[in-house]
Amino acid sequence: MTDHRTPGDDTRDLHAFIAGLPKAELHVHHVGSASPRIVSALAARHPDSKVPTDPEALADYFTFTDFAHFIQVYLSVVDLIRTPEDVRLLTYEVARDMARQQVRYAELTITPWSSTRRGIDELAFMDAIEDARKAAEAEFGVVLRWCFDIPGEAGLEAAEETVRLATDDRLRPEGLVSFGLGGPEIGVPRPQFKPYFDRAIAAGLRSVPHAGETTGPETVWDALNDLRAERIGHGTSSARDPKLLAHLAEHRIALEVCPTSNIATRAVRTLDEHPIKEFARAGVPVTINSDDPPMFGTDLNNEYAVAARLLDLDELGLAALAKNAVEASFLDEAGRTRLTAEIDTYASTWLAP
Ligand SMILES: Nc1ncnc2c1ncn2[C@@H]1O[C@H](CCC(=O)c2cccc(C(=O)O)c2)[C@@H](O)[C@H]1O
Ligand SMILES: [Zn+2]
């Protein structure tokens, strides 16, 4: 039979495959997931905000000169979240956007300190995210889990408050699975956070700091040795250290790779220079993530399309990437088995003659 397809068809097929592929996301920020639709809803509640609501103006506002500028803009969106009802709305609507992309499971990074220091009652904050988590699972079929992160630049007081919120039995939300560290890395050495990670780990939380996003591979070593990282947020600069790559591969420590984010914050110059290929070649478990998708003009499906191009993947390669995320997730074993099987069934149905 003659193949009538034009050269563009393969890419179109792959996009359709990705759109329907059941996925898990391991690195995505709560506030950083506020879409223009959500930002507008929040800004309507707080008209004094300086965040634009018109989608075109918002796209302009979300164009960053460097990482520090990104954090500055990020914090202006944080300022839009002022009440427990804002927290609930954000969380629930983010889950709705995830469901549209066939995301079945997500570990959402939340910075509770940013909200409690702005005066949101801590118990009401926990109730709001938990209420949204339960509604999202029941109504959208998206299973959410939380990673509470320390905003590193805010110092040890913020670290103390974050570990308290994560480990106090009266506050700790049921969905909390991990403990992280975010914000700028330059001038914020990781080892100082060791005591806080020790306490979080002792309370049963998993360690997932950002490292090597804007600094060198020594920061990733610090995250591994001092913070006992089980996965690394970004880990981009690991590519510069062959011993580190071998270590990550040997110990099955996954990197949470967020390609478009790295370009938007100017951590990497161009997508073609992104080290994801080196990670894959070295046998490091690679997971694909969106970080702060609307702020970077992307979504998880687009990140899979980017990965397919950079790693030259077909449908089975993409399904393997999706399974990497399930394997590296903190979902329980039954959940991991179920989601892996769902991905396999989807791929084999798609590829069946
Ligand atoms: N690509 C990223 N890489 C790293 N982090 C990222 C990324 N994307 C989003 N974040 C988030 O940015 C937060 C930073 C917040 C912060 O530093 C800060 C400092 C001082 C005051 C306050 C405040 O709230 O008043 C906050 C992190 O905790 C993290 O969750
Ligand atoms: Zn991040």
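Points 7 angstrom from Cα along the Cβ direction at residue 135 and residue 198: gap in nanometres?
4.1
Return the FRET efficiency for the residue pair residue 225, residue 68: r is the Cβ-Cβ distance, R0 is 22 Å, and the value is rounded to the nearest 0.05.
Working: r = 27 Å, r/R0 = 1.23.
Result of the calculation: an efficiency of 0.20.
Please label the shape of the range 309-353 as rounded, prolate or oblate, based on the square roots a ≥ b ≥ c of the eigenvalues of the alpha-carbon gyration tensor (a/c under 1.5 means rounded; beyond that, a/b larger than b/c means prolate, else oblate). All intermediate terms of the calculation are to be shown ahead of the outcome.
On the way: a/c = 5.17, a/b = 1.37, b/c = 3.76.
The shape class here is oblate.
Does the range 18-133 come out rounded, prolate or oblate by the C-alpha gyration tensor, with a ≥ b ≥ c the root eigenvalues, rounded set by a/c under 1.5 and, if not, prolate when a/b is larger than b/c and oblate if not?
Oblate shape, in that a/c is at least 1.5 and b/c is the bigger or equal ratio.
Filter the GluC sites (Glu not before Pro) in the range 90-185 to those in DSSP coil with at most 13 other Cβ atoms within 10 Å of their Cβ, and list the result.
Details: sites: 93, 107, 122, 130, 137, 139, 153, 157, 160, 161, 174, 185; in loops: 174, 185.
Those that pass, being in a loop and sparsely packed, are 174.
Length gain on complete extension for the stretch residue 266 to residue 314, per 0.36 nm per residue less the alpha carbon to alpha carbon distance? Please list the in-between numbers first.
Values: separation 48, 0.36 × 48 = 17.28 nm, distance 2.84 nm.
Between residue 266 and residue 314, full extension yields an extra 14.4 nm.
Of 162, 260, 337, which has the most accessible area with a 1.4 Å probe, and how do the rest follow in descending order?
Numbers: 162 0, 260 25, 337 85 Å².
Result of the area sort, largest leading: 337, 260, 162.
Compute the FRET efficiency between residue 186 and residue 15 as 1/(1 + (r/R0)^6), taking r as their Cβ-Cβ distance and R0 = 35 Å, and round to the nearest 0.05.
Approximately 0.45, to the nearest 0.05.
Take residue 121 and residue 171, extend 7 Å from each Cα along the Cα→Cβ direction, and tell me the distance between the two endpoints in nm.
Roughly 1.5 nm, to one decimal.
Quick check on the chain: helices-only [θ] at 222 nm, where DSSP H runs of length 4 and up contribute -39,500 (n - 2.57) each and the sum goes over total residues. Nearest 500, please.
On the way: 16 runs with 178 residues, N = 353.
Rounded to the nearest 500, it is -15500 deg cm²/dmol.
At 7 Å along the Cα-to-beta-carbon direction for both residue 333 and residue 59, put a label point, then send me their distance in nm to one decimal.
4.8
Please report, in debye to the nearest 20, how large the charge dipole of the range 30-127 is about its Cα centre when each Lys and Arg carries +1 at its beta carbon and each Asp and Glu carries -1 there.
180
State the volume of the convex hull built on the alpha-carbon positions of the range 105-262, expressed per residue in Å³ and rounded to an integer.
Numbers: hull volume 18.6 nm³, N = 158.
Considering the Cα atoms of the range 105-262, their hull volume per residue is 118 Å³.
Among 251, 58, 294, which residue has its Cα positioned farthest towards the positive end of the charge dipole of the chain, with +1 placed on the Cβ of Lys and Arg, -1 on the Cβ of Asp and Glu, and the dipole taken about the Cα centre?
Positive-end residue among those listed: 251.
Classify the chain as rounded, prolate or oblate, taking a ≥ b ≥ c as the square roots of the eigenvalues of its Cα gyration tensor: rounded when a/c is under 1.5, otherwise prolate if a/b is larger than b/c and oblate if not. Don't skip to the answer; put the middle values down first.
Values: a/c = 1.45, a/b = 1.24, b/c = 1.16.
Here the chain falls in the rounded category.
Please work out the average accessible area per residue across the range 64-154, using the 1.4 Å probe convention, and give it in Å².
Values: 3280 Å² over 91 residues.
For the range 64-154, the per-residue accessible area is 36 Å².
Could you please report the charge total around residue 251, scoring K, R as +1 and D, E as -1 over all other residues with beta-carbon less than 14 angstrom from its beta-carbon? If you can, show how the numbers build up before the last one.
On the way: positive: 228, 231, 243, 252; negative: 230, 250, 327.
Result for the neighbourhood of residue 251: +1.
Tell me the carbon and sulfur percent of the accessible area for the chain, rounded to whole percent, probe radius 1.4 Å.
On the way: 7630 of 14820 Å².
C and S fraction of accessible area: 51 percent.
How high is the relative contact order of the range 22-92, in percent, counting Cα pairs under 8 Å that sit 6 or more residues apart?
Answer for the range 22-92 is 38 percent.
Can you give the Rg/Rh ratio of the range 167-225, where Rg is from the C-alpha atoms and Rh is the Kirkwood radius? Spell out each step's value before the answer.
On the way: Rg = 12.5 Å, Rh = 12.3 Å.
Rg/Rh: 1.01.
The values are calculated or read from the model by the stated rules, or taken from the named source; none is laboratory data. On a predicted model such as this, the values are computed, not experimentally measured, just so you know. All Cβ positions, even for glycine, are placed from backbone atoms using ideal geometry, and neighbour counts span all protein chains on display. In case anyone asks, the SASA skips ligands and DNA or RNA and just uses the protein heavy atoms, side chains included. Shrake-Rupley method; radii C 1.70, N 1.55, O 1.52, S 1.80 Å.
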